[in-house]
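Working notes, structure below.
The values are calculated or read from the model by the stated rules, or taken from the named source; none is laboratory data. Fair warning: this is a prediction, and the values are worked out from it, not measured in the lab. Cβ coordinates were reconstructed from backbone atoms using ideal geometry, including for glycine residues, and neighbour counts include every protein chain displayed.
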Amino acid sequence: MDLKNITVKELRTKLDNKEISAAEAASEFFAEIKKNDGKVLSYITVTEDEAKKNAEAAQKRIDAGNPAPLTGIPLAIKDNLCTDGIRTTCSSKMLGDFVPPYNATAIEKLNEQDYVILGKVSMDEFAMGGSTQTSAFAKTKNPYDTERVPGGSSGGSAAAVAAGFCAAALGSDTGGSIRQPSSFCGVTGLKPTYGRVSRYGLVAFASSLDQIGPIARTAEDCGIILNAIAGVDPKDATSKNVSFSDFNEKLGQSVSGMKIAIPKEFYGDAVDEEVRTAVTNAAHEYEKMGAKLVDCSISTLKYAVQAYYLISSAEAASNLSRYDGIKYGLRGEGHSFDEMIRDSRNRGFGAEVKRRILLGNYALSSGYYDAYYRKALALKQKIIEEYNAVFENADVILTPTAPSVAYKIGVQDNDPVKMYTADICTVTVNIAGLPAINTTCGYDKDGMPIGMSIVGRRFDEATIIQTADAFERTFSPVRCTL
Ligand code: GLN
């Protein structure tokens with residue numbers, strides 16, 4: 001059975017109808033990985049033994065007639081989510097041999113449903129980047145064109161979904177890392193509201209921005225996975241107790257009368273024309289469905305990248321100070337304690353991670369704290385206020401997900417500022433803690449996917465899923481062929 005383009009929902013039906021067993025479904029994906037992942041390089045660790053055990057447990061549950069929505073569903077997991085007994089590298093030399101003794105809460109919740117883990121997928125080192133080319137292990141390629149990047153940092157997750165190497169995947173998003181690779185790889189990815197999903201066991205990059213979320217083939221599948229992983233967690237004090245019943249509860253409801261805000265700053269010259277046109281066409285598609293387009297402004301957008309890189313690097317510098325070669329991670333050499341730590345960090349971290357640590361410590365140092373870090377925090381408040389004002393007169397906001405389609409590998413090497421600037425469309429959403437979903441709205445002249453983002457009110461994931469789903473019902477995606 002060809003499962004390459006199957007949705008989680010369709011596979012659920014096939015498993016429950018006994019058209020395929022959980023073990024067979026996993027084997028199909030492993031065969032596909034063996035056949036084609038040499039071209040894409042999405043997986044760092046393939047977990048066939050673990051999958052076999054998971055599939056047995058899942059099958060029992062299916063046979064007993066009480067499967068959960070993800071029972072027996074084979075998923076790929078971004079390699080910054082701790083998995084008990086399974087290597088979790090963060091695509092870094094620093095954690096190259098790290099085998100966590102516990103599961104992230106999101107993984108525990110998937111386990112409660114008896115999902116099947118296919119393996120751990122690549123990312124930018126410590127989730128810092130937008131191309132998956134800073135990975136110390138697998139520099140993933142875009143399945144639509146293997147000369148191009150898959151985006152990042154969850155490039156392994158998005159590429160694995162697009163290439164048919166899993167039914168869906170988990171990623172994480174600090175400044176766009178779920179949405180942008182989903183855009184580049186033509187799949188659907190959802191960044192939940194900050195606090196919706198526990199960050200316990202997610203290797204920290206920037207704690208005030210990080211969120212775990214699904215990457216899948218449809219908005220509906222994202223909702224199914226979010227239903228499983230969301231919820232308050234005593235192990236994460238920043239997770240919020242905001243109740244939900246089903247993130248797919250609005251699926252199929254008409255968007256007629258819905259107000260969709262179009263912030264003009266997201267449609268300027270910084271965004272490629274083909275992208276602008278595709279997203280604008282999608283907006284008109286919504287108009288045809290009865291939605292109302294509302295002009296609006298997010299004037300702080302021009303400072304957003306600067307604010308994001310100050311805040312995220314400051315938090316990263318602090319979070320990554322734990323890698324000293326002593327407790328875990330790569331152990332360097334030296335004649336003194338200081339020398340050993342220096343050598344561990346020098347050898348364990350790649351150039352991009354070192355750059356962020358330097359920038360973060362600089363921004364936090366006395367004399368510069370007020371000039372940079374405090375100003376960035378003031379901007380954060382401004383950004384939050386601007387979004388609040390927009391939502392007074394709109395239900396969702398529609399923007400491009402990235403200024404361009406996936407670019408050629410190597411184009412942004414050695415030009416960090418260019419790479420940072422490309423995050424312009426996604427970072428304010430993290431700074432404001434809002435939920436957003438990327439779905440495909442077109443293809444450029446070379447057939448590369450173009451993504452749009454639908455941003456919602458805090459904790460209103462149901463509405464953005466409904467909105468993305470409404471468009472997906474009108475749109476025929478072109479799946480990639482490897
Ligand atoms: N590209 C952004 C960065 O490099 C976002 C990364 C992320 O969301 N993890 O920081």
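A few remarks follow.
- Among the residues of the stretch 10-23, just one is among the hydrophobic types (A, V, I, L, M, F, W, C) and in a loop (DSSP other than H, G, I, E, B), namely 20.
- The single condition among (1) part of a helix (DSSP H, G or I); (2) within 27 Å of residue 302 (Cα to Cα); (3) touching a Lys or Arg at 6+ places or on another chain (Cβ under 8 Å) that residue 428 does not meet is (3).
- Near pairs, Cβ below 8 angstrom, 6+ apart or cross-chain, from the stretch 139-151 (of a type in the set (Phe, Trp, Tyr)) to any residue that is assigned to a loop (DSSP other than H, G, I, E, B): 144/186; 144/406; 144/447; 144/448; 144/480
- Residue in the stretch 390-397 that is surrounded by 14 or more Cβ atoms within 10 Å (Cβ to Cβ), within 13 Å of the ligand (Cβ to nearest atom) and among the acidic types (Asp, Glu) present: no
Residue-by-condition table, conditions (1) within 24 Å of residue 393 (Cα to Cα); (2) of a type in the set (Gly, Ala, Ser); (3) at pLDDT 95 or above; (4) under 22 Å from the mean Cα position of the chain (by Cα):
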position	(1), (2), (3), (4)
277	no, no, yes, no
281	yes, no, yes, no
288	yes, no, yes, no
303	yes, no, yes, no
306	no, no, yes, yes
309	no, no, yes, yes
313	no, yes, yes, yes
316	no, yes, yes, yes
319	no, no, yes, yes
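- Members of the stretch 225-268 that are touching a helix residue (DSSP H, G or I) at 6+ places or on another chain (Cβ under 8 Å), part of a helix (DSSP H, G or I) and within 24 Å of residue 286 (Cα to Cα): 265, 266, 267
- Number of positions in the stretch 24-47 that are outside any loop (DSSP other than H, G, I, E, B), touching a strand residue (DSSP E or B) at 6+ places or on another chain (Cβ under 9 Å) and touching a residue at least 40 places away in the same chain (Cβ under 8 Å): 11
- Sole exception among (1) surrounded by 23 or more Cβ atoms within 10 Å (Cβ to Cβ); (2) more than 19 Å from the chain's Cα centre (by Cα) for residue 78, by number: (2)
- Restricting 216, 206 to residues that are of a type in the set (A, V, I, L, M), touching a residue at least 40 places away in the same chain (Cβ under 8 Å), closer than 29 Å to residue 352 by Cβ and away from the ligand (no atom under 16 Å from the Cβ) narrows the list to 216.
- Condition broken by residue 415, with the remaining ones in (1) out of contact with any helix residue (DSSP H, G or I) (no Cβ under 8 Å at 6 or more places or on another chain); (2) under 22 Å from residue 281 (Cα atoms) satisfied: (2)
- Selection of the stretch 404-422 for residues being farther than 17 Å from residue 450 by Cβ and either among the charged types (D, E, K, R) or in contact with a Leu (Cβ under 6 Å, 6 or more places away or on another chain) (or both) yields 413, 415, 418.
- So residue 481, is it surrounded by 19 or more Cβ atoms within 10 Å (Cβ to Cβ) and not hydrophobic (A, V, I, L, M, F, W, C): no
- Some residue of the stretch 424-434 being at positive phi, within 16 Å of the ligand (Cβ to nearest atom) and of a type outside the set (Asp, Glu): yes
- Given (1) farther than 14 Å from residue 298 by Cα; (2) in contact (Cβ under 8 Å) with a residue 40 or more places away in the chain; (3) outside any helix (DSSP H, G or I); (4) more than 22 Å from the chain's Cα centre (by Cα), index of the condition residue 393 fails: (1)
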